[in-house]
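Contents: one structure, followed by commentary.
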Amino acid sequence: MVKSREVEVRPLDLKVFAVEYTEEETARSISKKEIRELADALGLTYDDAQTTFAKKIMNAYMKKEKR
């Protein structure tokens, strides 16, 4: 049995149940390691400058798409 003074009462936050809010929380950035692994799987050659550029451009694109 729970006593009324033991219950915490807070207002309901509807954005917790909104699709936009949940997508924001699940989106993540890609790492250079993941880019190198993908390039290797595709048989592509690359150097550090290319992986750095790919990481920056992909993360910026994903951030833009979240809006």
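Using only Cα atoms, find the angle between the long axis of helix 32-42 and the longest principal axis of the chain, and express it within 0 to 90 degrees, rounded to the nearest 10. Once rounded, the angle reads 60 degrees. The charge dipole of the chain, taken about the Cα centre with unit charges on the Cβ atoms of Lys, Arg (+1) and Asp, Glu (-1), comes to about 240 debye, rounded to the nearest 20. Across the options A41, V16, A60, the greatest Cα extent toward the positive end of the charge dipole of the chain (unit charges at beta carbon of Lys, Arg, Asp, Glu) belongs to V16. Plainly put, the chain has a radius of gyration that is 1.35 times its Kirkwood radius, both from alpha-carbon atoms, as the Rg/Rh ratio. In terms of the mean number of neighbouring beta-carbon atoms within 10 Å, the peptides 60-66, 41-47, 30-36 order highest first as 30-36, 60-66, 41-47.
Between the helical axis of 48-66 and the longest alpha-carbon principal axis of the chain there is an angle of about 40 degrees.
Values in this text are rule-based calculations from the coordinates and carry no lab data. Not measured: the values here are computed from a predicted model. Cβ sites come from the backbone with ideal geometry, for glycine too, and all protein chains shown count toward neighbours.
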